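Worksheet: one structure, shown below.
The values are calculated or read from the model by the stated rules, or taken from the named source; none is laboratory data. For clarity, every value in this text was computed on a predicted model and none was experimentally measured. Note that each Cβ is placed from the backbone with ideal geometry, even for glycine, and that neighbours are counted across all protein chains shown.
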Amino acid sequence: MEYETLTMARFHRCLSNPVRLRMVHLLAHRTLSVTAIQNVLSLTQVLVSKHLAYLFKNGMLDRSRAGNMVFYRLATNPPPEFDLVIDCLKKCAAHVDVLQRDVSALEQAAPDFARIPHSVPKRPRRPGPSRKDRSSSVTEPSEPWLFHGGDEYVD
């Protein structure tokens, strides 16, 4: 099979699940956090994260972190076939009530709801031993004969 055919089949397989279809449709409108998608779709965090990971693994989404929040958006450098699939989804969504309700719920949310902050301060490092200090603090066993390899005991 040709690469383009496999790519199209992969994108359609990703959208064959109704939950993933709704997620991609929401992400076609803007970048969203896992929490925002969870709230708009009224789904559990585990289910949302599982489907987002599947979409990310198959190249449909990009993700970024801001503190303890994870944000997803449509892939920034997708194959040309991807844009065709998303355009088709947007056109079809005009005739699907559940997709229209999802977008309405997203628009009714607060303006700063689940958007990526423009600048995220880096979290300060916790004081503590460095990696070198931690590796040197490993103590030798008091009775080395307890640790053996195979049938021979090591002293």
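Quick check on the range 84-110: of everything there that is among the small types (Gly, Ala, Ser) and part of a helix (DSSP H, G or I), which residue is surrounded by the most Cβ atoms within 10 Å (Cβ to Cβ)?
Our first condition is that a residue be among the small types (Gly, Ala, Ser); within the range 84-110, this holds for 93-94, 104-105, 109-110.
From what is left, the residues that are part of a helix (DSSP H, G or I) are 93, 104-105.
Numbers: Ala93: 19, Ser104: 10, Ala105: 14.
Among residues in the range 84-110 that are among the small types (Gly, Ala, Ser) and part of a helix (DSSP H, G or I), the one surrounded by the most Cβ atoms within 10 Å (Cβ to Cβ) is Ala93.
Among the conditions (1) part of a helix (DSSP H, G or I); (2) under 19 Å from Arg101 (Cα atoms); (3) touching a helix residue (DSSP H, G or I) at 6+ places or on another chain (Cβ under 7 Å), the only one that Asn39 does not satisfy is (3). Within the range 1-34, being in contact with a strand residue (DSSP E or B) (Cβ under 6 Å, 6 or more places away or on another chain), part of a helix (DSSP H, G or I) and of a type in the set (Val, Ile, Thr) holds for one residue alone: Val34. I'd like the full set of residues that are over 12 Å from the mean Cα position of the chain (by Cα) and surrounded by 15 or more Cβ atoms within 10 Å (Cβ to Cβ), limited to the range 31-65. Result: Ala36, Gln38, Asn39, Val40, Leu41, Leu43. Out of all the residues in the range 12-28, is one or more among the polar types (S, T, N, Q) and over 18 Å from Leu99 (Cβ atoms)? No, there is no match, as no residue in the range 12-28 is among the polar types (S, T, N, Q) and over 18 Å from Leu99 (Cβ atoms). Contact map, the range 68-83: first residue part of a helix (DSSP H, G or I), second residue surrounded by 15 or more Cβ atoms within 10 Å (Cβ to Cβ) and hydrophobic (A, V, I, L, M, F, W, C), Cβ cut-off under 9 Å, separation 6 or more or different chains; pairs are Glu81/Met8; Glu81/Phe11; Phe82/Phe11; Phe82/Met60; Phe82/Leu74; Phe82/Ala75. Pairs meeting the criteria (first residue in the range 29-48 and of a type in the set (Ser, Thr, Tyr), second residue buried (at least 18 other Cβ atoms within 10 Å of the Cβ), beta carbons under 8 Å, at least 6 apart or on different chains) are Thr31/Phe71; Thr31/Tyr72; Ser33/Phe71; Ser33/Tyr72; Ser33/Ala114; Thr35/Ala114; Thr44/Gln38. Against the condition modelled with pLDDT of 55 or more and of a type in the set (A, V, I, L, M, F, W, C), how does Ala109 come out, does it pass? Yes.
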